[in-house]
Amino acid sequence: MNQSTMNGNTAAAGNTIDSHTVLYGVIGDPIRHSRSPIMMNRAFRETGVNGVYAAYHITADKLGDFIAGVKAMGMRGVNVTIPHKLDIMKYLDEIDAGAAAIGAVNTIVNDNGRLTGYNTDGIGYVRSLKEEADPNIAGKRIVVIGAGGASRGIVYALTGENPASITIANRTEDRARELALAFADKAELRAVTFDGLQEACLEADIVINTTSVGMHPNTDASPVDASWLKPGAVASDLIYNPLKTKFLLEAEKSGCRSHGGLGMFIYQGAYAFEYWTGQAAPVAAMRETVLASLG
Ligand code: ATR
């Protein structure tokens with residue numbers, strides 16, 4: 001029985017914490033900056049799910065103890081953030097194929113003590129890109145700047161959308177080449193140095209920044225010159241602080257469509273919510289809450 005039927009109230013009336021309330025949370029180190037609790041508790045309130053979601057500061061030496069706690073207390077779901085997305089994997093009973101290919105877990109589902117790890121970052125990004133910028137990624141030429149953890153999840157998810165090609169440009173070329181090789185069987189992938197970035201951007205339909213270049217407080221930096229982009233192309237940035245980076249602002253001036261990083265955060269959470277509850281996530285309400293918290 002969910003909270004709304006127990007109380008006889010509408011779902012939006014709010015959570016009542018009672019003896020049926022199920023625990024959820026996010027772990028990381030540091031964690032106090034996280035906006036996941038406000039977003040997820042809003043989602044529970046909207047849908048009438050009797051759950052409560054908190055942030056736990058867990059250091060690397062306490063991961064095993066935390067997992068024992070998840071099982072002992074029957075926590076239904078956990079999000080995992082920096083720096084634990086890799087190290088958490090050895091404590092889980094099963095790793096979803098996508099998370100295994102990416103090599104990182106950001107969402108744990110607890111089915112009666114059996115823990116499965118998923119990665120919702122990449123699919124969250126792609127859902128946000130499709131909902132907010134371009135519903136049709138199939139056949140598109142994509143440039144991804146950066147080859148770190150975030151890029152890996154996104155490139156993996158993009159390969160599932162049948163793009164014409166994905167070009168990965170990274171400051172350290174070896175990392176770009178490694179990433180292109182890792183998923184070479186799934187799509188037309190190639191790696192270039194930053195020297196090859198301009199040429200790649202000239203013919204790209206979608207250019208995605210996965211690096212921290214342009215993030216607060218270094219908001220005056222941009223990973224590419226917007227004049228390199230085709231008018232009408234999508235400029236996409238994973239950064240959401242600021243909501244519109246210099247890269248996006250300049251791309252808009254050059255006649256491009258811009259796509260900011262907030263949607264990726266919202267949709268990675270939406271997928272986690274859906275895995276845990278089996279219900280559609282109230283995405284608009286989640287976005288409203290996070291936007292309000294960003295002021
Ligand atoms: P994340 O999980 O956010 O992707 P990461 O794995 O540390 O973090 O990867 C950071 C990415 O941003 C890398 O591609 C990094 O380039 P290098 O592989 O050359 O280090 C890129 N990056 C970070 N700062 C950068 C900068 N100032 N200029 C260009 N690329 C940068």
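The values are calculated or read from the model by the stated rules, or taken from the named source; none is laboratory data. Source: prediction; values computed, not measured. Neighbour counts are summed over all protein chains in view; Cβ atoms, including those assigned to glycine, are modelled from backbone coordinates with ideal geometry. Just the protein is used for accessible areas: all its heavy atoms, side chains included, with ligands, DNA and RNA removed. Shrake-Rupley method; radii C 1.70, N 1.55, O 1.52, S 1.80 Å.
Worth pointing out:
- DSSP beta bridges in the chain [antiparallel fraction, %, rounded to 5]: 20
- Electrostatic tally near residue 124: other residues with Cβ closer than 13 Å to its Cβ, Lys and Arg +1, Asp and Glu -1, net -1.
- Nearest 10 degrees, 0 to 90: helix 173-182 Cα axis against the chain principal axis: 60
- Measuring max minus min along each principal axis, the C-alpha atoms of the range 38-138 give extents of 44, 34, 24 Å (largest first).
- In Hz, Karplus ³J(HN,Hα) per residue of the range 98-111 (6.51, -1.76, 1.60; θ = phi - 60°; x = Gly, Pro): x, 5, 5, 5, 6, x, 7, 10, 10, 9, 10, 10, 9, 9
- Under 5 Å from the amide H of residue 192 lie the amide H atoms of 168, 169, 170, each residue being 5 or more positions distant or on a separate chain, with H modelled from the backbone and absent for Pro and chain starts.
- J(HN,Hα) series, the range 190-202, from Karplus relation 6.51 cos²θ - 1.76 cosθ + 1.60, nearest Hz, glycine and proline x: 9, 10, 9, 7, 4, 5, x, 5, 4, 4, 5, 5, 4
- Number of Lys-Lys pairs in the chain with C-alpha atoms under 26 Å apart and a separation of 8 or more places or on different chains: 22.
- HN-Hα J in Hz across the range 57-67 - Karplus 6.51, -1.76, 1.60, θ = phi - 60°, x for Gly and Pro: 7, 10, 8, 4, 6, 10, 4, x, 4, 4, 4
- Residues of the range 122-260: accessible area per residue with a 1.4 Å probe, Å²: 45
- Expressed as a whole percent, the accessible surface of the range 122-260 that belongs to carbon and sulfur atoms is 46, based on a 1.4 Å probe.
- Taking all protein chains as shown and a probe of 1.4 angstrom, residue 130 keeps an accessible surface of around 70 Å².
- Both radii were evaluated on the Cα set of the range 212-273; the Rg over Rh quotient, with Rh as the Kirkwood radius, amounts to 1.03.
- Pair-distance profile P(r), taking every C-alpha pair of the chain, with 5 angstrom steps and integer %: 1, 5, 12, 15, 17, 16, 13, 10, 6, 3, 2, 0, 0
- Förster-model FRET efficiency, 30 Å R0, residue 202 and residue 174, C-beta, rounded to 0.05: 0.75
- The range 122-260: radius of gyration and largest Cα-Cα distance (Dmax), Å: 13.3, 39
- For the chain, modelled as a GNM whose springs connect Cα atoms under 10 angstrom apart, the maximal fluctuation among 125, 91, 24 occurs at 91.
- Span from the the range 174-220 Cα centroid across to the the range 221-258 one, whole angstrom: 14
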